Structure formats: structure tokens, C-alpha cells
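Please read the structure below before turning to the comments.
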Amino acid sequence: MTLRFAYNTNGTANHRLDDAIDLIADAGYHGVALTLDIHHLDPFAENWVQEAQRVSSRLQRLGLGSVIETGARFLLDPRAKHEPTLVSGDASGRARRIGFLKRAVDIAVILHSEAVSFWAGVPKPGIDRDEAQLWLADGVAEIVAYAREQGIVACLEPEPGMLIETLDDFAALKIDGLRLALDTGHCLVTGERDPAAAVAEFADRIGTVAIEDMARGEHIHLPFGEGDMDVSAVLDALDSIGFQRLVCVELSRESHRADVMVPSSLDYLRTCRNHKAEEPA
């Protein structure tokens, strides 16, 4: 089976969106993981519908699929990274995050995206974690229900340091219809599971996958070959479960050299697959 690869636009922050899409298409990717941001299809712009329609047409012309990512740093609050979240103490802040995620679903409909990926957030000091869990469950259920109505797959990503940090945290959420956004590198950060084993264990719940290299215990997205990730093993695991959705390269710290990293990352992944194909039966 041929795995389908995408590149996350949070690693092309110094490129206009059209230029980033062209760079990704020219490299030979099957899709784009589009991180909605102030300069990349701003979901709060007055013309967001028209812009989404224009981007959708461009992706279709280029034969690219898409996943919508929602991890922009200062999209909702220019003074506080990633705030507000689904676990913010202020109810109006939580409502604003939910509204943004619903808008992401709306954009996913226009782009015919495979999934919308989001995360829980970090409870601020003084926030009761049990109460935060209730806020989270209510918010996620609302988002999943909205996405289901629109025919979109809603995926929660366990993120190191956040309220939902590990795959066990994700598994404890009993929300019908919620899928897993599996960032394989995060398994190395938390040390909870081997990334390839995580793919096999959660095969029936994975809605989207992110891949990159990472060093064990350190949450820094690294270019392939610079960390501890057994990339070939992860790809083999995805192959073994018959994964047909986009596998998204996420190198959010590499925008300054995206012209190099976009094509070289796909070359690395293809080399891993070619070695697999060359192995004796």
C-alpha cells in the first residue's frame, strides 16, 4: 500500500499560503496539513468563506487532500500563546475556543478535508483539574457533535504538558465519535509507548497522524534523522493497519528553511519506504 504524505503549513510560516501550497505540491506530497493562522486562511477574516473556497479550488486543481490544524500560537489572543483553550477558567474564553474550532469545521467542509485536529490546552495555576476535565468533556462533546453534523472527523491530539497529555488520557475520554490525532513524536516525549506500538494499539481510533523526529523526553520537532524516532517502524506500522489518511510532517520550527525541509522530508520518507520494498521476502 502507498502511504499518503502531507506537510504542515506551520512549517512554512515565512511563505504566503499559495506559495507554501505550491512548494508542497511541487515536492510530490499528497496533501497539506493547513494550520489556520493570521496569514494562512485567517478564520476570523471578513472574507474567510471566499478565501476558503479559493484555497479549496487550488487544492483540487493540484490534486491535494487536506487536514485542518488548529494550533496557531496567537490567533485568539495576541498576548498569550495558545489562549484561550477548552480548559481556560473564563467561560467566555472557552466559548471563544469552541467557536474557533467550529469555524475550523466549517472550513474543513469547504476544503473537503479529511479531519480537524485540536488539543485540550494547559490548565492555568489555581484551576481545579477535575473541574477542567468537566469543561473539556463538555467542549469536546459539543465540537464532535457539530463536526458529525457536517460530516467532518474531529480528532483530539494528546499534547505534552496539556490536560490531555498521553494516549491513556485520550482513552479515558468517553466521547462517542471522537477520533485520535496521533503525533507519533509525542510518544517519545512522554515515554508512554513506542510510537509504532501506539499506531497498532489505537488503529481503530486514529483520525489523523503527524510525524517528525524527536529526542526522547524533549518536545522539539526535529527534522528526520536528528532524533530518536524509528521512522521506518512507524511507517511500517501505519502500513500494517491499512492507514489510508494523510500522514502529516510537522516541522513547526523549520519555516526559515522550508524551501529545503519540505522536499527533503518527503525524500527521507520515500527512502524509508523504498528500503522496505527492497527487503527480501
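The values are calculated or read from the model by the stated rules, or taken from the named source; none is laboratory data. Only a predicted model underlies this, so the values are computations on that prediction, with no experimental measurement involved. Note that we place each Cβ from the backbone using ideal geometry, even for glycine, and neighbour counts take in every protein chain shown. Ligands, DNA and RNA are stripped out before the accessible areas are found, and what is left, the full protein with its side chains, is counted by its heavy atoms. Shrake-Rupley method; radii C 1.70, N 1.55, O 1.52, S 1.80 Å.
Okay, here's what the table says:
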quantity: Odd one out for THR271 among (1) outside any strand (DSSP E or B); (2) closer than 17 Å to PRO158 by Cβ; (3) of a type in the set (S, T, N, Q); calculated: (2)
quantity: Residue within the range 121-129 that is in a helix (DSSP H, G or I) and open to solvent by 70 Å² or more (accessible area, probe 1.4 Å) present; calculated: yes
quantity: Any chance ILE21 is farther than 21 Å from ASP259 by Cα and crowded, with 24+ Cβ neighbours inside 10 Å; calculated: no
quantity: Number of the exception - THR2 against (1) more than 23 Å from GLN150 (Cα to Cα); (2) modelled with pLDDT of 95 or more; (3) not basic (Lys, Arg); calculated: (2)
quantity: Filter result for LEU86 (hydrophobic (A, V, I, L, M, F, W, C) and part of a loop (DSSP other than H, G, I, E, B)); calculated: yes
quantity: Residue in the range 200-218 that is open to solvent by 60 Å² or more (accessible area, probe 1.4 Å), free of Cβ contacts under 8 Å to residues at least 60 places away in the same chain, at negative phi and touching a helix residue (DSSP H, G or I) at 6+ places or on another chain (Cβ under 6 Å) present; calculated: yes
quantity: Residue in the range 41-63 that is part of a strand (DSSP E or B) and open to solvent by 20 Å² or more (accessible area, probe 1.4 Å) present; calculated: no
quantity: Qualifying positions in the range 88-118 - touching a residue at least 24 places away in the same chain (Cβ under 8 Å) and more than 19 Å from the chain's Cα centre (by Cα); calculated: SER88, GLY89, ARG94
quantity: Complete set of residues in the range 145-170 that are open to solvent by 30 Å² or more (accessible area, probe 1.4 Å), in a helix (DSSP H, G or I) and not aromatic (Phe, Trp, Tyr); calculated: ALA145, ARG148, GLU149, GLN150, ASP168, ASP169
quantity: Verdict on ALA181 being within 20 Å of THR85 (Cβ to Cβ), assigned to a strand (DSSP E or B) and open to solvent by less than 30 Å² (accessible area, probe 1.4 Å); calculated: yes
quantity: Single condition ALA95 does not satisfy, out of (1) open to solvent by less than 20 Å² (accessible area, probe 1.4 Å); (2) over 27 Å from ASP259 (Cα atoms); (3) small (Gly, Ala, Ser); calculated: (1)
quantity: Among (1) exposed (fewer than 13 other Cβ atoms within 10 Å of the Cβ); (2) more than 20 Å from the chain's Cα centre (by Cα), the one test that ASP259 misses; calculated: (1)
quantity: Matching residues, the range 31-40, being buried (at least 20 other Cβ atoms within 10 Å of the Cβ) and part of a loop (DSSP other than H, G, I, E, B); calculated: LEU36
quantity: Search result, residues across the range 64-92 that are within 25 Å of TYR29 (Cβ to Cβ), open to solvent by 10 Å² or more (accessible area, probe 1.4 Å) and not hydrophobic (A, V, I, L, M, F, W, C); calculated: GLY65, GLU69, GLY71, ARG73
quantity: Condition met for THR12 (in contact with a helix residue (DSSP H, G or I) (Cβ under 7 Å, 6 or more places away or on another chain) and either surrounded by 19 or more Cβ atoms within 10 Å (Cβ to Cβ) or over 30 Å from LEU134 (Cβ atoms) (or both)); calculated: yes
